[in-house]
Amino acid sequence: VQLQASGGGLVQAGGSLRLSCAASGGIASLDTMGWYRQAPGKQRELVAIITSGGSTNYAEAVKGRFAISRDNAKNTVYLQMSSLKPEDTAVYYCNVRTVTYLHYWGQGTQVTVSS
């Protein structure tokens, strides 16, 4: 499975961005799709995940501000980020888990929120 993420950039606090991650190869085995982030000097952390059935789970820090969705026809997962804060600054990675519990990571996309 290959993952191609896009949509990061520089935005002012309070602004919005939408990240996309398209999967290819082995897509018939995709189960959960999600987003993680890693800020400088910090460990990678879960942001949001969505199951094949559409159930979602969010980190407390982003609840009410971020929304994860997926388009199974396009094998793509999205992360709509609103009301962005400087502490959301990080490299965002998409992740997929297959039905055989293998994990794959995208290349990461930088999100920078200025105050």
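Multiply the residue separation of ALA28 and SER55 by 0.36 nm, subtract the distance between their alpha-carbon atoms, and state the gained length in nm to one decimal.
Full extension of this stretch gives 7.9 nm more.
Using a probe of 1.4 angstrom and keeping all protein chains present, the accessible surface of the chain works out to 51 square angstrom per residue. Potential lengthening of the chain between SER20 and ARG65 amounts to 14.5 nm, from the contour at 0.36 nm per residue minus the alpha-carbon distance.
DSSP assigns beta bridges within the chain; of those with both partners inside it, close to 90 percent run antiparallel. Here, P(r) means the percent of Cα pairs in each 5 Å bin from 0 to the largest distance; for the chain it is 2, 13, 25, 26, 18, 10, 5, 1, 0. When nucleic acids and ligands are ignored and a 1.4 Å probe is applied, THR56 ends up with an accessible area of around 70 Å².
Model label sites at LYS42 and SER6, defined 7 Å from Cα along the beta-carbon direction, differ in position by 2.8 nm. Nonpolar atom fraction for the chain, defined as the carbon and sulfur part of the 1.4 Å probe accessible area, stands at 49 percent.
The values are calculated or read from the model by the stated rules, or taken from the named source; none is laboratory data. The structure presented is a predicted model; accordingly, all values stated were derived computationally and were not measured. As a convention, Cβ positions derive from the backbone with ideal geometry for all residues, glycine included, and neighbour counts pool all protein chains shown. In case anyone asks, the SASA skips ligands and DNA or RNA and just uses the protein heavy atoms, side chains included. Shrake-Rupley method; radii C 1.70, N 1.55, O 1.52, S 1.80 Å.
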